[in-house]
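Single-structure report; data block below.
The values are calculated or read from the model by the stated rules, or taken from the named source; none is laboratory data. Small disclaimer: the values here were computed from a predicted structure and weren't measured. Counting neighbours? That spans all protein chains shown, and the Cβs are built from the backbone with ideal geometry, glycine included. Surface areas here come from the heavy atoms of the whole protein model, side chains and all, with no ligands, DNA or RNA. Shrake-Rupley method; radii C 1.70, N 1.55, O 1.52, S 1.80 Å.
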Amino acid sequence: MMSPTKYVFSAATMLTAIVAFPAQAQEVENKEFDGFYVGGSFGLGAQSNDRNETIVFDSNRDGFYGDTVQTVSGADAFSPGFCNGAAKSSAPAAGCSNDKDDIDYYIRAGADKQYGNFVVGFLVDGGRSESRDSVTAFSTTPASYTFSREIDYAIGARGRVGYTPGGVLFYATGGVSYAKIDNSFTTTNGANSFTDNGKTESWGWSAGGGAEAKVTNNVTMGLEYLYTKYTDDDYVVNVGPGTAGATNPFLLASGGTDMKRSDPNFDQHSIRLTAALRF
């Protein structure tokens, strides 16, 4: 997984490359970034480094997480530990597969108003990301417990402000975002019962910047970096008896245990190529 610092550096490098467009854009008679537009974006989404993420437990079901799930002897039932990613087997020695950083694709529409060399505007976009974020816990049974999440779809509304020397617009952007996050849970524990609450709806925010160049009077192409953070703390897995006996570690404290991810945030760095038709 590429670190956020490297993504910011890559975005800065690619932004300088797009300045090559103005050489052609200077031949365009209408250099204004003014009016309505529709378009889309396509790029790579990468998650922030979350190596220290774990799974937390509420064994007495008092609504507070951070309990230790203990065996009848008082030992920590999850002493084998945790890993970032999806488990390859029930044994921690096999390790975990890395989180999946993948493409994202969005459609967008917006409007700009130019005042001299300065531009202010507003846009909305909607789409999805193919990236997946997972974390796994290992118990002494042995068994694995994996939480995974990915964005089913997202809708954003952002303002933007920029400067154009002519033919190319450099801008900063920021606003709110809403996502339907597809959470899932898998385990190799075949004794207990596991009930989850499926997809979660999350609100967040986005901020970034980019450059957009006119290649004809009505067509622009550009490059954009965007950081988005969602609050995703509603997904809980309830562990019940199933066919397990009364001495099962999940059942000792209160007859069941609730479990969820320790990180309440789902954030992503995106570098996108953009294109728009202006009216």
Taking strands (runs of 3 or more DSSP E) that fall entirely within the stretch 139-206, which contain at least 2 residues that are more than 23 Å from Thr54 (Cα to Cα) and open to solvent by less than 20 Å² (accessible area, probe 1.4 Å)? 143-163, 168-187
With respect to Asp196, determine if the residue is more than 21 Å from Gly159 (Cβ to Cβ) and modelled with pLDDT under 95. yes
Just checking, how many residues over the stretch 47-72 are under 21 Å from Gly95 (Cβ atoms) and of a type in the set (A, V, I, L, M)? 1
Consider the stretch 228-262. How many of its residues are under 30 Å from the mean Cα position of the chain (by Cα), in contact (Cβ under 8 Å) with a residue 40 or more places away in the chain and open to solvent by 40 Å² or more (accessible area, probe 1.4 Å)? 3
Filter result (farther than 22 Å from Arg149 by Cβ and either among the β-branched types (Val, Ile, Thr) or within 17 Å of the chain's Cα centre (by Cα) (or both)) within the stretch 160-207: Val161, Thr164, Val168, Thr173, Gly174, Gly175
If we keep just the residues of the stretch 107-134 that are open to solvent by 50 Å² or more (accessible area, probe 1.4 Å) and aliphatic (A, V, I, L, M), which is nearest to Phe170 (Cα to Cα)? Val120
Those residues of the stretch 63-106 which are of a type in the set (D, E, K, R), in a loop (DSSP other than H, G, I, E, B) and open to solvent by 60 Å² or more (accessible area, probe 1.4 Å), in sequence order: Lys88
List pairs: first residue in the stretch 123-134 and more than 9 Å from Ile155 (Cα to Cα) and free of Cβ contacts under 8 Å to residues at least 60 places away in the same chain, second residue hydroxyl-bearing (Ser, Thr, Tyr) and surrounded by fewer than 23 Cβ atoms within 10 Å (Cβ to Cβ) anywhere in the structure, Cβ distance under 6 angstrom, at least six positions apart or on different chains. Arg132/Ser148; Ser134/Thr146; Ser134/Ser148
Does the stretch 98-107 include one or more residues that are farther than 26 Å from Tyr230 by Cβ and among the polar types (S, T, N, Q)? no
